[in-house]
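Notes follow once the structure below has been shown.
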Amino acid sequence: MAEWHMYVEMADDHSSSARLSHGKGRSASDWEAHLAGDVLKHVSRSFYITLQLLPKRVRGPICLGYLLARTSDTIADTESVAAAERLNFLQRFDAAVKGDEAVSELHVALQNQFQPLQTDPGETKLLDHTEEAFHWLGAVSDYEQEVTRAVLDEILLGQRLDCERFGDPGVLRHLPGSCELEEYTYLVAGSVGVFWTRLCFHHWDKFADGSQATMLGWAKSYGRALQLINVLRDLPKDLENGRCYIPIPGAQEGVQPSSEELIDVSRGWEERCQEQLEEAMCYCQAVRPVRLRYATVIPLLLAERTLAYLRQASWETRKQGIKVSRDEVKTILKRGLVANLRRKRLRAYAIELREV
């Protein structure tokens, strides 16, 4: 995917302390050049494609928000650390976002207690840059700080609830109902749609055909749909780790439902996801700037394809993993680029991707 690269990756030829020595004097663009390349590439997976495609005026703050959210997500997901301690660190991270915690102390504590436990090299590297990410937050505009802190407040709430509901691994626990799943998908992803939309209305006078209120409603559905795709795709792996995000009627703690029951209940949530993707397409078609619309629609197109594979997958296939191949991603990028030139074609192409 070299043709999509828009960042210059910087070599780590200085120690962390040396990089940080003049951190507070750097501009937001300096921090973007330093952190938005190699660091994000190894932790953002498919979303990295979208980050690269974004217009410059919003690329920086969206990369920053993602970097901070991925850092807190690493804290929440390090299950070899007791749930109570993860909750403590998420609260400290929240305090740092609000300016109530010394970032340097948090950075050192994360390196000491969380970094050695990471099995993903990208997340190991991510925790090297916690303090720098907070310096970047302090360098962006007042409005960008406001919306970034607002989305992190909701994401961190979702992560804390996750730790409280599932606790330490070992016993399978279930979300009790659909309200809890809808809440979870909003807090950790629907809120990101709100963040994205507020930034775009701030930076473009003619961002969208729809009103801000309408776009914000569609944005929540878009984010929720993307997270619901993750929940459905990762269901077998989450079950192995003691988590069942899909509400199962009559489910008992420690008891795994049959594969038939899991597939049957998932069907209803696949339909719910499709409804949300329909609203997401309304959002994408309403975006006016052509390049921004293209960056906005790519996650939707990839989600449509993933959902298509889920619909026809057996439980054994789901356990092996559902993934859109690299070649297919390249095809979607190319065909999506052409479809994006006429907004009506975007919906037609999304419908086409539902057929496997």
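The values are calculated or read from the model by the stated rules, or taken from the named source; none is laboratory data. Note that the structure is a prediction, hence the values are computed from the model and not measured. Here Cβ is always computed from backbone atoms with ideal geometry, including for glycine, and neighbour counts include all displayed protein chains.
Of the residues making up region 82-137, just one is touching an Asp or Glu at 6+ places or on another chain (Cβ under 9 Å) and either at positive phi or among the hydroxyl-bearing types (Ser, Thr, Tyr) (or both), namely 104.
Yes/no matrix, rows are residues, columns are (1) under 23 Å from the mean Cα position of the chain (by Cα); (2) surrounded by 16 or more Cβ atoms within 10 Å (Cβ to Cβ); (3) in a helix (DSSP H, G or I):
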residue	(1), (2), (3)
281	yes, yes, yes
296	yes, yes, yes
300	yes, yes, yes
307	yes, yes, yes
310	yes, yes, yes
318	yes, yes, yes
323	yes, no, no
328	yes, no, yes
349	no, yes, yes
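Can you find even one residue in region 261-271 that is under 19 Å from residue 179 (Cβ atoms), outside any loop (DSSP other than H, G, I, E, B), among the hydroxyl-bearing types (Ser, Thr, Tyr) and touching a Leu at 6+ places or on another chain (Cβ under 8 Å)? Looking through region 261-271, at least one residue is under 19 Å from residue 179 (Cβ atoms), outside any loop (DSSP other than H, G, I, E, B), among the hydroxyl-bearing types (Ser, Thr, Tyr) and touching a Leu at 6+ places or on another chain (Cβ under 8 Å). Filtered by the rule that a residue be farther than 15 Å from residue 56 by Cα and touching a residue at least 40 places away in the same chain (Cβ under 8 Å), region 198-213 gives 198, 206, 208, 209, 210. Surrounded by fewer than 22 Cβ atoms within 10 Å (Cβ to Cβ), at pLDDT below 95 and over 24 Å from residue 240 (Cα atoms), is that true of residue 101? Yes: the conditions hold for residue 101. Consider region 232-270 and keep the residues that are within 14 Å of residue 304 (Cβ to Cβ) and not aliphatic (A, V, I, L, M). The one that is surrounded by the fewest Cβ atoms within 10 Å (Cβ to Cβ) is 270.
Looking across region 152-162, the residues that are touching a residue at least 40 places away in the same chain (Cβ under 8 Å) and either buried (at least 21 other Cβ atoms within 10 Å of the Cβ) or small (Gly, Ala, Ser) (or both) come down to 152, 155, 156, 159, 162.
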